Each structure stands twice: as C-alpha cells, then as structure tokens.
Amino acid sequence: MQSPPHQDSGDSPPLSTPESTVTTDQPPPSQPPPPPLQIPITWPPDGTLTLPWITNFMSTLNHSSRHLKPYDLPTILPVKVFDALILTGSKILHKEANCVVVEPEGGDGKESEVVVVGDVHGQLHDVLWLLNEGAGLPNENRWFVFNGDYVDRGAWGLETFLILLAWKVFMPHRVFLLRGNHESKYCTSVYGFEKEVLAKYGDKNEGKHVYRKCLGCFEGLPLASIIAGRVYTAHGGIFRTIPATPSKRAKGKKNRKVILNPESVPLSLGSMEELAKARRSVLDPPWEGQNLIPGDILWSDPSNKPGLSPNKERGIGLLWGPDCTEDFLKKFSLKLIIRSHEGPDAREKRPGLGGMDEGYTIDHVVPSGKLITVFSAPDYPQFQAAEERYKNKGAYIVLKSPNFDTPIFHSFEAVTPRPKVNPYYDFEDVIDSDEELDMSLMAEASS
C-alpha cells in the first residue's frame, strides 16, 4: 500500500513532478488475533487513559463503522463517555499556546522523529492504517503534528476526531492537534459534519449536545506549530501583520468607528508576537482586527506570483509568493513551511502548482528552504460527483533527529473497500473545493 519513502535533497525536481515512486509492499506477516473488544466503551474510573484503552477505542470504532448502522454509535460510545473525553481534551487544548512549540528529544539515546499529517477529512480507515501500519503509533520517540481538517466530507469525522483527541489526552506532549478551516461552524454545517453527528446521536437533545461540544473543542485547537525551531506548520499557511487602522467618530455618533478599507492598507508579514496574541476562540467571521491572523492561517494558499495579496478566490485569507516564503523563513530562522489545505480538487484548478497525485507537493524552493503542501486523505473526497475519481494518494512527512529539517515523504493508497455509507451532505451540489465561499452564510452561521 505504501510507496517507499523519499528523502528530500537539495537537488529538487521540477515543482510539478511527484518525487515518490509506487511499489507494492509485501503482505505483512501473520499476527496473533487482537484481544476481544470491550463494548460499550467505558471511561476509566480514575480518568487516566492507557494504551490498551486507546487501542480498544480505535478497534471498537473501526468495528462499529463496518458492522453497525450510524445511529447505533451511542450503544458503542455512550454520551457520558463522549462528554468525559471531550471535556478532558478541551481543557488540554485550551491551555496550549496559539503556536505550540514541539521540542522532540528521544529517550534512551534513541533517534526521535516527528510525523506531520495533513487533512484527513473523516476518512477513518485511512487514519487507522496510518497509525497502525504506516507511520506507527505515537510513543516516547515519535511525535505527531496534525495540520487540521479532521472532519467534513468523509463519513466518519466524529470517530476520526475523537480517536486523535484520545491520543492527545493520553500523550499530550507527543501529539499535537492543530486547527483546520473545517473545524468551524460554517464548514461543518455545509460539508456534512453537523448532519453526521445528528444522524449518529439523534437530531434532538443528545445530537445537538454532541455537536456543540465538538465546536467548543474546536475553538481550543492551536493554530500553528514550530518543530525543533526549524519547521513551521499550519493548516493554510502564513499570516499578515495586523494593520493599525486609524479610526474616527462618525458625526453625531458616539464611540462608532469608521474603519479604513483593509485592502487599501499594504500587506506585510506578521510577527510571532502577534500570532501569540491572536484570538483563536472564534469559529467564524468577522475576520478583522485580531481575528485576521486565524483567518489567514486557516485559509491562505501559496502562489507562484510574487507578493502578498488577498485570497480573492476563497474570499478569505491570503495568497503569497516565493518571495514571501523566503522572507518568512529568513525572518524566523526556519528551514521549512509545511502546510495542508489543498487536495486534488483544489490543485486541479491552480495551474502552475503541482498536483496532489502523490499526496504532497514542493511549492516553493528558495534560498532559505522550502514550502511543502501535504494532504493525507487518499482517494479524496470520499463522495465524488465526477465520473472519474481523483484516485490521489495520501501522504505524511517524517522529520528525523538531529535537525528535523529534511523531509522524508511517505505516500500511501486508500484502504479498500470502504464500508458503504450514505453521504451527510449534497456532494453533487456543494463545490468540491472551498472556493467562492458564501460569506453571508458564513456570517449567519457565526451569529
């Protein structure tokens, strides 16, 4: 299933050329049968998660997705267990900084590594494969940084997010969950997650309760990470400085401000101090003032055109060119930017940038380093209206000690067959990429 890893070197191929080659792995050797599932899942009496609890949680949700109806999930994962997990995880996430610092130091003198994962979009079985057979489970010498977009489009966003949240609770200093643009009220109301939750827990009190608790947890997800002082990761990308917006009182109206058109203010890169002070606990617009930075980090895209400009295709965030990548890396003494946010559908509409066939692209190569996009949902999206599927591979990136700045790319194919399930959104009418967002609906969702 997995292609052999490719280690990046200084001599990069053309940006549109995939770097991985495809081979078929040999079948794994036979293994002893797994322990019997413990159903229903119960919360540990002392509230302390263990590795056996986590592995049973993963196996049980996998079993449920394959053998039970969606509305049977509460018999497997009772609401009180969901509440305990979401509350514990939320407390941890809300205490973390906007930009988490990942300092990987292996124990027992062993080599340590950081695995960076892109969008997974509710593709539970691909995430389970990545953890169990691909990169391997988190441990004392293996860190994980997830770049967001755990939910929407795929049919198992809830199970996917809760499994990763359980790992966060179990190993809070080894697993880091960042926020994606789909961890929002607007996107989850359009691309399926809200309806997924209501289908599984009912559209009355319990379902609405579970959905609200998930949104509250999403608010706590950090925005970015710095790995070993050399690698910046975020869902969408870089961010602007918050412009000083001169204001004046409108005649006869006390305390009412007239804000200048933000597009009339020249854009420049923001600082880590501004990122640290940004208000991330907002799920949707207005993206202004201190909310500009979360909007940029979650929604921005790279471009081959120099400069920093508003992202008019998406209606939110920025477009930035190779010169801005160089300035950002140099300004913060970094070697790599690893972002996600763009699958094969989005890249199909962006000539000049590499496609997502292999699950990753190297978008900018500049004197100070590189900009990489990684996308970890293979054969995406799960529900496709086109006659021919994209059949893209997913990918994850491994950064190894001592410097953690030489990416090793691992491409992998989707787990097949996927369990049959109905979509939770009208995938034939909803646009495949997050372009041309209905900003009025977005503002309405946030009210």
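Can we say ASP119 is at positive phi, out of contact with any helix residue (DSSP H, G or I) (no Cβ under 8 Å at 6 or more places or on another chain) and of a type outside the set (Gly, Ala, Ser)? Answer is no for this residue. From the residues in region 128-153 that are under 23 Å from ASP83 (Cα atoms) and surrounded by 24 or more Cβ atoms within 10 Å (Cβ to Cβ), which one is farthest from the chain's Cα centre (by Cα)? The selected residue is ASP152. Going by what's in this entry, would GLU387 be described as closer than 21 Å to LEU223 by Cα and part of a loop (DSSP other than H, G, I, E, B)? For GLU387, the condition - closer than 21 Å to LEU223 by Cα and part of a loop (DSSP other than H, G, I, E, B) - is not met. The numbered conditions (1) free of Cβ contacts under 8 Å to residues at least 60 places away in the same chain; (2) touching a strand residue (DSSP E or B) at 6+ places or on another chain (Cβ under 9 Å); (3) not hydroxyl-bearing (Ser, Thr, Tyr) are all true for VAL145 except (1). Checked against (1) crowded, with 24+ Cβ neighbours inside 10 Å; (2) more than 25 Å from ASP72 (Cβ to Cβ), PHE170 meets all criteria but (1).
The residues of region 306-348 that are farther than 30 Å from ARG389 by Cβ, surrounded by fewer than 23 Cβ atoms within 10 Å (Cβ to Cβ) and in contact with a Gly (Cβ under 6 Å, 6 or more places away or on another chain), listed by number, are PRO306, GLY307, GLY321, LYS335. Residues in region 268-287 that are loosely packed, with under 13 Cβ neighbours inside 10 Å and not in a loop (DSSP other than H, G, I, E, B): GLU273, ALA276, LYS277.
Taking the criterion of being closer than 19 Å to GLY157 by Cα and either among the acidic types (Asp, Glu) or not in a strand (DSSP E or B) (or both), the residues of region 112-126 that qualify are GLY118, ASP119, VAL120, HIS121, GLY122, GLN123, LEU124, HIS125, ASP126.
The residues in region 316-336 that are among the β-branched types (Val, Ile, Thr) and either free of Cβ contacts under 8 Å to residues at least 40 places away in the same chain or touching a helix residue (DSSP H, G or I) at 6+ places or on another chain (Cβ under 6 Å) (or both) can be counted, and the count is 1.
For (1) without any contact (Cβ under 8 Å) to a residue 60 or more places away in the chain; (2) of a type outside the set (Phe, Trp, Tyr), each residue gets a yes or a no:
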position: PRO344; (1), (2): yes, yes
position: ARG347; (1), (2): yes, yes
position: ARG350; (1), (2): yes, yes
position: VAL374; (1), (2): no, yes
position: TYR380; (1), (2): no, no
position: ARG389; (1), (2): yes, yes
position: SER401; (1), (2): no, yes
position: ASP405; (1), (2): no, yes
position: VAL421; (1), (2): no, yes
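Identify, from the list TYR191, TYR211, the residue that is among the hydroxyl-bearing types (Ser, Thr, Tyr), more than 25 Å from VAL115 (Cβ to Cβ) and either in contact with a strand residue (DSSP E or B) (Cβ under 6 Å, 6 or more places away or on another chain) or surrounded by 24 or more Cβ atoms within 10 Å (Cβ to Cβ) (or both). Just a single option satisfies the conditions, and that option is TYR191. For region 138-149, the condition of being closer than 26 Å to LEU68 by Cα, touching a helix residue (DSSP H, G or I) at 6+ places or on another chain (Cβ under 6 Å) and at pLDDT 95 or above holds for none of the residues. None of LYS349, LYS391, LYS370, LYS331 is more than 18 Å from the chain's Cα centre (by Cα) and under 24 Å from SER112 (Cβ atoms) except LYS370. Scan region 410-447 for residues that are hydrophobic (A, V, I, L, M, F, W, C), modelled with pLDDT of 95 or more and part of a loop (DSSP other than H, G, I, E, B) and the total you get is 3.
All of PRO70, PRO104 fail the test of being touching a Phe, Trp or Tyr at 6+ places or on another chain (Cβ under 8 Å) and either aromatic (Phe, Trp, Tyr) or touching a residue at least 60 places away in the same chain (Cβ under 8 Å) (or both), apart from PRO104. I want to confirm something. Restricting to region 351-370 and keeping residues that are within 22 Å of LYS305 (Cβ to Cβ) and among the small types (Gly, Ala, Ser), which single residue is surrounded by the fewest Cβ atoms within 10 Å (Cβ to Cβ)? If we take residues in region 351-370 being within 22 Å of LYS305 (Cβ to Cβ) and among the small types (Gly, Ala, Ser), then GLY352 is surrounded by the fewest Cβ atoms within 10 Å (Cβ to Cβ). Residues in region 288-302 that are surrounded by 22 or more Cβ atoms within 10 Å (Cβ to Cβ) and in a loop (DSSP other than H, G, I, E, B): SER300 alone.
So which residues in region 371-389 are at negative phi, buried (at least 20 other Cβ atoms within 10 Å of the Cβ) and not β-branched (Val, Ile, Thr), if there are any at all? If the condition is that a residue be at negative phi, buried (at least 20 other Cβ atoms within 10 Å of the Cβ) and not β-branched (Val, Ile, Thr), then LEU371, PHE375, SER376, ALA377, PRO378, TYR380, PRO381, GLN382 are the ones that fit.
The values are calculated or read from the model by the stated rules, or taken from the named source; none is laboratory data. Computed from a predicted model, the values in this text were never measured in an experiment. Neighbour counts are summed over all protein chains in view; Cβ atoms, including those assigned to glycine, are modelled from backbone coordinates with ideal geometry.
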